[in-house]
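Please read the structure below before turning to the comments.
Please treat every number below as a calculation from the coordinates, not as lab data. Worth saying up front: this structure is predicted, and the values here are computed from it rather than measured. FYI the Cβ positions are ideal-geometry reconstructions off the backbone, even for glycines, and counts take in every protein chain you see.
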Amino acid sequence: MAHRPGQRQKKAGKRRLRGNNLVAPTIILIAAIVAVVPLFISGPSCGADLYFHVVSWIDAQSSLLHGHPYPNWASSPDFGAGEPRFVFYPPLSWMAGALFGLVLPWSGVLLFLDVLLLAATGLATRVLAREILDDNAATFAGCASIFLGCGIFNIYQRCNYAELSGGFWIPLMLLFQLRRHSPDGQFWKLVREGSTLPLAFVIAGIWLSDGPLGIMALYLLITIALVSTVIEKSWEPVVRATVASILGLGLSSFYLVPAIWERKWANIQDAITQREYLIENNWLFWRTADPMSPRHIAMLQLVSEGALLMFAVTLCAVLVAWRRGVLQDKRWWIPLVLIPAVVLIFLLPISLPLWHWLPALRFLQYPWRLLLLMQSSMAIFLASAVWSFSLRSRKWIVCATTIVFLAVAVGAWGILYKDCQTVLAALPGLAEQGQIWGKPEYSPPGIPSTMAGPGASFNCLVAGTEENSSRAPDAGSPVHIQSQGKCEGDFHQVANLQERKGFTGSASHAGYLILRLRSYPNWVVTLNGQSVPQMMESTTGLVAVPVAQGPVAVLVNWKTSADVIAGRCLSVVAALLLVAFYRFEWKSPAASASTENR
């Protein structure tokens, strides 16, 4: 059947529209690939956090292959004694790494995530910029966020893939919070057109990606909502942020509730009390009397220089755009201008009282992590300034900035790159053999993680003391004996799954069997078919099982605690509320009227 001319024209127009819609994302994807081209040649850079993330992927993948897609325990750290890493570290990054590792080598996973997260950063910045700039300028802003933001430094120097995800989460949060709402003030139109429900998903994604990112984003959202309320003389921004935050935190409760509740079972405070994590030792260009490692001082110097570049670009761009009359819509521009101004204050010693006063803020560890919040606004201001010039001048400026972008990528590779091929090749074998150091903040309270190092004794029998034998053992109580150098017996580990351990042997006398397993309250210990109290060797924090003379068969299983069940229930309730919220919204009179008017 022949098509009418009008139909053919409509189809051709749709094809052209689809083609035009793909041009800008393709440019941003190419920019992300170009940013990491040196890594395709020389291999991934051995950043400070690469070791931690790859080991997490290996353990999470092992658990997945054994039919347990959401583990709590990582078996490799602490030289096979393990740690509750997956209870406290948000799941999206280690789940993604484990899944991609099923089809790619670990070096391929790193390169793929580099490109994916940089491209997502550029695309999210572009989507935000399109609210106030034309399409070409928004695409330029997306590219600028890739090369001039925190992503390049993170990929070459740190390899913190959880934090790197903030490059796209933050602009999406700003987009859905600042997007123009319904002018008539009807609540359901506010929810739909003000993007409350997408904002809830973004908040959940932030908390499930990175804890420090969640803290930063929450404070940013509160600030933006209050500023918008003053500008618009309406409480709608606060309503939107409040509803979205409640739903988003509810969705992520299956992770957040156990992570918060079980903090008392680990040395979580070590994450903010170690010298290199102290806020006071991480100001821009800071020199302290506290002797720090040369590596830490070098990183702080690099971060400070990068921050200086970001603030200089932002300031110059704002001044140019303001002088040329580009900054017109104050509802958008005022919040975007305030972000870098506030970030700068928090990077200087003058802000120290705020770091002490504001709840949980010290868990950021490094003040310069806040630079992540300003990279999208920096890129948008730069694009707005460039596009304020004539077309001819703009072309020359774009060419010059493109050269700068390339120079930044090549310079980052030349200055920051560290070869990682040997480490990546060795890590799977080291993890399998139990040759991995643990994280201090995940060890039992009061027990240094180094005590379960390569010299620790385990899977052996220690004689009990009179103090210990004179009373009934209490679950979780420490066994005040010195096991190191005093272990005897031949006990074998016959099961070593992530959350199921088995040990067998024969005890020549009554005492305590010290297992190759870190103590944690969620372990349930069974001895010869009978449940027994779990105890902890006081020096290493390993599980100690009271045994009698004769054959010994110990089975240790992970139990689902009440806080985990509560968190899952809250997530289910939040998901049901989102579904009900969405369905009721579109059946409401306001939504029906809006649909009919369209």
How big is the stretch 100-255 along each principal axis, measuring the range of its Cα positions in Å and listing the largest first? 53, 41, 24
Can you order the peptides 354-363, 206-215, 297-306 by their average number of other Cβ atoms within 10 Å per residue, highest first? 206-215, 297-306, 354-363
What area, in nm² and to one decimal, does the C-alpha convex hull of the stretch 375-458 cast on average over all directions? 10.3 nm²
Around Trp355 (Cβ within 14 Å, Cβ-to-Cβ, excluding Trp355; K/R +1, D/E -1) the net charge comes to +1
So which cysteines in the chain don't have a second cysteine's C-beta under 4.7 Å from them? Cys143, Cys150, Cys159, Cys316, Cys399, Cys569
Based on Cα positions only, what radius of gyration and what Dmax would you give for the chain, in angstroms? 27.4, 98
Listed pairs Lys439/Lys559; Lys264/Lys559; Lys233/Lys330; Lys330/Lys395 exceeding 19 Å between Cα atoms: Lys439/Lys559; Lys330/Lys395
Show me the ranking of peptides 33-43, 250-260 by mean Cβ neighbours inside 10 Å, starting with the highest. 250-260, 33-43
As I understand it, the dipole of the chain uses +1 on the Cβ of Lys and Arg and -1 on the Cβ of Asp and Glu, about the Cα centre. Which of Leu358, Phe458, Met292 lies farthest toward its positive end? Leu358
Among the DSSP H helices of the chain, those whose Cα atoms extend at least 20 Å along the helix axis and whose mean Kyte-Doolittle hydropathy is 0.5 or higher are 50-65, 106-129, 211-232, 236-251, 294-323, 330-346, 391-416, 562-587
Note down the magnitude of the dipole of the chain about its Cα centre, charges +1 on Lys and Arg C-beta and -1 on Asp and Glu C-beta and zero elsewhere, to the nearest 20 debye. 3020 debye
Given the candidates Trp265, Asn496, Ala575, the one whose Cα lies deepest towards the positive end of the charge dipole of the chain, counting +1 at each Lys or Arg C-beta and -1 at each Asp or Glu C-beta, is Ala575
Restricting to bridges with both residues inside the chain, how much of the DSSP beta-bridge set is antiparallel, in percent to the nearest 5? 95 percent
Residue exposure sequence - Phe112, Phe458 - by fewest surrounding Cβ within 10 Å: Phe112, Phe458
